[in-house]
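Reading through the C-alpha cells given below for one structure.
The values are calculated or read from the model by the stated rules, or taken from the named source; none is laboratory data. The model shown is predicted, which means the values in this text are computed figures rather than measured ones. Quick reminder, even Gly has a Cβ in these numbers, built from the backbone with ideal geometry, and neighbours come from all protein chains shown.
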Amino acid sequence: MQLTRQKPIVTTLKPSNHPYLNGAWTPLHEEVDALDLEVIEGEIPSDIDGVYLRNTENQIHQPLGRYHPFDGDGMLHQISFANGRASYRNRWVRTRCFQAEQEAEGSLWGGLMDRWGTSRRPGFGAHGGLKDSASTDVIVHAGRAVSTFYQCGEAYLVDPETLETIGAAHWGPLDGVSAHPKVDERTGELMFFNYSTHAPFMHYGVVDADNKLTHYRPVPLPGPRLPHDMALTENYVILNDLPLHWDEEALKLNAHVVRMHPRPSRFAIVPRRGNGEIRWFEAAPTFVLHWTNAYEDGDEIVLDGYFQSNPEPGKFKDAPQGYEHMMGHLDEHTFQSRLHRWRFNLKDGTTKEERLDERILEFGTINQRFAGQPYRYVYSTKSKPGWFLFNGFVKHDLKTATSEELDLPEGRYASEAPFAPRIGATEEDDGYIVSFITDENTGTSECILIDCKRFADGPVARIALPHKLCSGTHACWADRDFIRNGKRA
C-alpha cells in the first residue's frame, strides 16, 4: 500500500464517554490517499469498474451542547476498482460551515438535541438552527457526486474520483435540498424534494443530465412535516406526508419537538414532469426512513420501504445515563422497521398494504439499473439491538418470497451496501454488494465484496483500508461509464 496523508485540519474535540463518539463511531480526522490496497482474503474482482462512495459523520470540534451523531461533519470515503486493483481516499466535504468552523477553530452551531439559541450563528435548513454538514447522503449525477444533508441544506458537488469539493450546486433552491434525491440512470435526471416550516411546506424539482434545473413545483402540505426519502417510477415520483413530525404549537416557541399525530399516512403521486394533478392516497399511520424502489403495475403504483411499527419509541432503557432518548430513536429494534409494500390504485383511489418480511431491517439497496422499474431483489441491512450499527445483510427475492442471510461476527459492523453490477451483466443480481467494515476487535477497517449469486457464501474479497473508519449513514456505487456519460448506455 502506498499511503499519502493530507495536511491536518484543526480539531478541538475532547475525549468523552459519549456512546456515539467512541467505538465504531469514533470520529476520523485524517485525510489520506492509498494506492494498491492489500487484499486480506480472496481476490478483487476484475469485472467491475467504478467507485463506491460512503458518507460519514465525524465530529471535528467540541460540541456547544448535547451531541447527536447526525450533527457530525460530513466526510466522503471512496474505494475505486479497476482491472482487479483497488485504491482508497477520503476527504471532508468542505461546506461553508466546515470552512467557517475551521477559521473559528471551534463549533459555531448547536445540534439536533440542543435548545434554540445554542448556535452562535444563524443555522441552515428546515430546522433553521443547525450546521449544514452535507453528511447524510451521497449519489452520483452528471459526472459529480452530490452530498446532501437530511434537514435540507445545500447540495454539495464533489469530484467522484478525487473527492475534491467543487461547491454548492447552482440549481439548489432557497429552501435547500433534502437528503435522498434520486437519479434515473436511463435518462440521467436527478429528482429531489425539500421541506420547510413555511407554506407550501414542500417542493419537488428535476435537474437534467446536463445539470440544469428544468422543473420545480410546490407540493402543498397542511403544515410543517419531516419527510426523509422519496421514490420514483417511470412517470411519477412519490412523496409523503407521514404523521410523525414537528409539533406546530412547539414550533411557535422555537422548540423542535417531534411526535406522532393521530391521522393516517398520506402519499403524493406527482407527475415527474409538468404541473399535472397531484394524487393523494391514505394508508396506515407510520413513519418510513427509506424506500427501496417503486414501479408502475397496470393501474397501480407499487412502493416498497421499511414500515415502522413504533415510530415514537421513547427511551432505550439499557442506554448509558443521559443518552436514553437519543439511543431509543436510533435503534431499529425499538422503532421496529420492517420491509413493507404499498399499492396505490390510480383508477379507484384505494391503497393496499402487505408485509414482505417480519425481521427488523432497514437501509435497503437495489440494482440501480432497475430504479423506477419492476424489480426482483433487495439487499437490506440488519442491525445490532440498541445501536445504530449494521451487523448483517439479507438478500430478498421478491418474486419467490425467499431470502438469504449473512451475519457478521461479533464486533464487526458494516456500512450501507449498494449493488455493483458486473461489466456486461444481463441478470438483475449479477454483481456484488460492496461495504466498508469497521472491526472493533482489531481497531481496523476493510472493504468487502459479496457475490450476489453466491450471497450466503460470504465475501469473495476482503481489502485492508489504511485507517479505522467512523460509522455513518449512506453510500452509493457508480460505474465509470455512468460517471463519464451521465446516463446509462
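State yes or no: is A255 assigned to a loop (DSSP other than H, G, I, E, B), hydrophobic (A, V, I, L, M, F, W, C) and farther than 30 Å from D208 by Cα? Walk me through it before giving the result.
On the way: assigned to a loop (DSSP other than H, G, I, E, B): yes; hydrophobic (A, V, I, L, M, F, W, C): yes; farther than 30 Å from D208 by Cα: yes.
In short, yes.
Can you name the number of the only condition in (1) touching a residue at least 12 places away in the same chain (Cβ under 8 Å); (2) over 24 Å from T162 (Cβ atoms) that R454 fails? The failed condition is (1).
Residue count for the range 300-322 satisfying the condition of being among the charged types (D, E, K, R), farther than 21 Å from E362 by Cα and in contact (Cβ under 8 Å) with a residue 12 or more places away in the chain: 2. For F70, the conditions (1) in contact with a Leu (Cβ under 7 Å, 6 or more places away or on another chain); (2) surrounded by fewer than 24 Cβ atoms within 10 Å (Cβ to Cβ); (3) farther than 19 Å from F149 by Cα are fulfilled apart from (3). Comparison of L3, L28, L21 shows that the only residue that is farther than 28 Å from A104 by Cα and either part of a strand (DSSP E or B) or at pLDDT 95 or above (or both) is L3.
State whether the residues of the range 405-417 include one that is part of a loop (DSSP other than H, G, I, E, B), out of contact with any Ser or Thr (no Cβ under 9 Å at 6 or more places or on another chain) and at positive phi. Spell out how you get there, then give the answer.
Restricting attention to the range 405-417, the residues satisfying the condition of being part of a loop (DSSP other than H, G, I, E, B) are 408-411, 415-417.
If we keep only those that are out of contact with any Ser or Thr (no Cβ under 9 Å at 6 or more places or on another chain) as well, we get 408-410.
Among the residues that remain, those that are also at positive phi are: none.
The answer is no, given that none of the residues of the range 405-417 is part of a loop (DSSP other than H, G, I, E, B), out of contact with any Ser or Thr (no Cβ under 9 Å at 6 or more places or on another chain) and at positive phi.
Which ones in the range 12-25 are under 12 Å from T438 (Cβ atoms) and buried (at least 18 other Cβ atoms within 10 Å of the Cβ)? Correct list: A24, W25. Quick one: would you say D175 is under 18 Å from Q368 (Cα atoms) and of a type in the set (D, E)? So D175 fails the test. Within the range 194-218, the set of residues being in contact with an Asp or Glu (Cβ under 9 Å, 6 or more places away or on another chain) and among the aliphatic types (A, V, I, L, M) comprises M202, V206, V207, A209.
When the criteria are applied in full, I40 fails the requirement of being at pLDDT 95 or above, crowded, with 16+ Cβ neighbours inside 10 Å and among the β-branched types (V, I, T). Listed by position, the strands (runs of 3 or more DSSP E) enclosed by the range 181-245 that each have at least 2 residues that are crowded, with 18+ Cβ neighbours inside 10 Å and not hydrophobic (A, V, I, L, M, F, W, C) are 182-184, 189-195, 202-207, 236-241.
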